[in-house]
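Computed from the coordinates by the stated procedures, all read-outs in this text should not be read as laboratory data. Quick caveat: nothing in here was measured; it's all calculated off a predicted structure. Neighbour counts are summed over all protein chains in view; Cβ atoms, including those assigned to glycine, are modelled from backbone coordinates with ideal geometry.
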Amino acid sequence: MAKYTASIDEDTRQRIHALPRGINFSAFMRKAINVFVEELEKNHDLKPENFIITCTARKDASDKKRR
């Protein structure tokens, strides 16, 4: 499988390395890339400035805390 890379600025790289160890950054990136590709498949005219990443809380039962 081909690897795709994109350059990032030094400030962003430092911020990624400063994240707490428990955060699985690559898992977040895989999810974001999958969503981005799905949107590009639907809309070929999508531009980077038109693509916004937001976070939402999951609303399924698996996320509810047990009492």
Inset, instruction - Name every residue in region 19-46 that is in a helix (DSSP H, G or I) and among the acidic types (Asp, Glu), in order of residue number. - result: Glu38, Glu39, Glu41
Inset, instruction - Would you tally the residues in region 21-63 being within 17 Å of Ala6 (Cα to Cα) and of a type in the set (Asp, Glu)? - result: 1
Legend entry - Residues of region 12-28 satisfying the condition of being charged (D, E, K, R) and either touching a residue at least 24 places away in the same chain (Cβ under 8 Å) or farther than 21 Å from Thr54 by Cα (or both): Arg21
